[in-house]
């Protein structure tokens, strides 16, 4: 069963590269922001998978929830910052 979770984690890491490429090469700032949010969501899933592999899902759920809140706040803050800077330029 652990091998199954490790294979799923490896597949998730490969899938994680797609939005990470969008973060690096996105045509606009908002595309990069969406890529960063997608990377954060996939990392939360990886943290939960590690919790299942190590047999401590209770501890890893707390870590994943904390990371999810930080990811959400960061994405909202950056989006609001770029919205205000883009509206003051016009």
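The table for this structure:
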item	result
Label corresponding to Kirkwood radius over Cα pairs in Å when calculated from the structure given, among (i) 14.5; (ii) 15.0; (iii) 15.5	(i)
Length-normalised contact order for segment 2-89 - Cα pairs under 8 Å, 6+ apart - percent	26
Helix axis angle, 29-54 relative to the chain longest principal axis, alpha carbon, degrees	10
Label-point gap, in nm, between residue 28 and residue 58 - each point 7 angstrom along Cα→Cβ	4.7
Order by protection proxy (mean Cβ within 10 Å, highest first), peptides 53-59, 42-48	42-48, 53-59
Exposure proxy ranking, count of Cβ atoms within 10 Å, fewest first, for 24, 65, 52, 33	24, 65, 52, 33
Cα-based helix-to-principal-axis angle, 57-89 vs the chain, degrees rounded to 10	10
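Coordinate-derived values only; no laboratory data. Because the structure is predicted, anything quoted here is derived from the model rather than measured. For neighbour counting, all protein chains shown are included, and Cβ atoms are generated from backbone atoms with ideal geometry for every residue, glycine included.
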